[in-house]
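*Asks:* Got a structure for you, questions after.
The values are calculated or read from the model by the stated rules, or taken from the named source; none is laboratory data. Please read these numbers as outputs of a predicted model, since none were measured by experiment. In this analysis, Cβ positions are derived from the backbone assuming ideal geometry, glycine residues included, and neighbour counts consider all displayed protein chains. Note: accessible area is taken over every heavy atom of the protein model, side chains too, but ligands, DNA and RNA are not part of it. Shrake-Rupley method; radii C 1.70, N 1.55, O 1.52, S 1.80 Å.
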Amino acid sequence: MFALVALMWRSRLESSGAVAALWWALLPLLFVLLQASAYWLLMRSRMPVGKAQAAPDRMPHMAARCFRGLRLITPVALITGLVGVIVNAPSGTIATVVVVVVWAFGVVEYVNYYLVRLAYPWTRWASEVSQWRTPTLVKDIRAALR
C-alpha cells in the first residue's frame with residue numbers, strides 16, 4: 001500500500017530529487033514492514049489448531065536466526081535510506097516533510113519490533129509505553145535460541 005501511494009504521489013512531487021528521496025525513505029520502511037508481516041504470518045501459522053487463546057508454538061530455530069540477522073541488518077538499511085534522502089533532499093517544504101515522516105516511520109517500526117514495544121491501544125498507550133516492554137518478536141527469538 002505504501003509503495004502504491006508513493007507511485008501515485010510521484011506526479012505531485014515537484015522534482016525528480018524529491019521522488020528519489022521519497023523512495024530512499026520508503027524502501028527501508030517497506031523492508032521493516034515486510035519483516036513484521038513475515039513474523040505475524042509465521043506466528044499465526046504457529047497457533048495451535050482449535051485453541052484461539054492458547055500460546056503459539058515456539059518459533060522455528062532457523063526463523064529466529066533469520067530475524068536476529070534482520071535485527072542487525074535493518075539499521076544499515078535505515079542509515080542507507082537516510083543518506084539517500086540527504087543526497088536527494090527535496091527542495092519543497094511539503095515534500096521534505098513527507099519524506100522525513102516516511103523515513104521516521106520506518107525507524108519507529110524498527111524500534112517497535114526489535115527494541116521497545118510501542119504499539120498499544122490508544123486508551124492505554126501513555127501508561128503502557130512508559131514501561132519499556134520487550135517486543136514479542138524479541139521474546140520469541142530469545143525463546144527459540146535458548
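*Asks:* Quick one: if the Förster radius is 41 Å, what FRET efficiency do THR136 and THR96 give, using the C-beta to C-beta distance and rounding to 0.05?
*Replies:* The calculated FRET efficiency here is 0.75.
*Asks:* In terms of the Cα gyration tensor, with a ≥ b ≥ c the square roots of its eigenvalues, is the stretch 73-146 rounded because a/c is under 1.5, prolate because a/b exceeds b/c, or oblate?
*Replies:* Because a/c hits 1.5 or more and a/b fails to exceed b/c, the stretch 73-146 counts as oblate.
*Asks:* Which of the chymotrypsin sites (Phe, Trp or Tyr not before Pro) found in the stretch 102-146 are in a DSSP loop and have at most 16 neighbouring Cβ atoms, other than their own, within 10 Å?
*Replies:* Counting only loop positions with at most 16 other Cβ atoms within 10 Å, the chymotrypsin sites (Phe, Trp or Tyr not before Pro) in the stretch 102-146 are TRP132.
*Asks:* Please compute the per residue accessible area over the stretch 46-146 with all protein chains in place, 1.4 Å probe, rounded to a whole number of Å².
*Replies:* 63 Å²
*Asks:* Using a 1.4 angstrom probe on heavy atoms only, work out the carbon and sulfur share of the accessible area of the stretch 58-146 in %.
*Replies:* Heavy-atom surface of the stretch 58-146 belonging to carbon and sulfur, 1.4 Å probe: 68 percent.
*Asks:* Kindly write out, for the stretch 115-126 in residue order, the coupling ³J(HN,Hα) from the Karplus curve 6.51 cos²θ - 1.76 cosθ + 1.60 (θ = phi - 60°), rounded to whole Hz, with x marking Gly and Pro.
*Replies:* Residue by residue, the stretch 115-126 yields 10, 9, 5, 10, 8, 9, x, 4, 5, 10, 4, 4 Hz.
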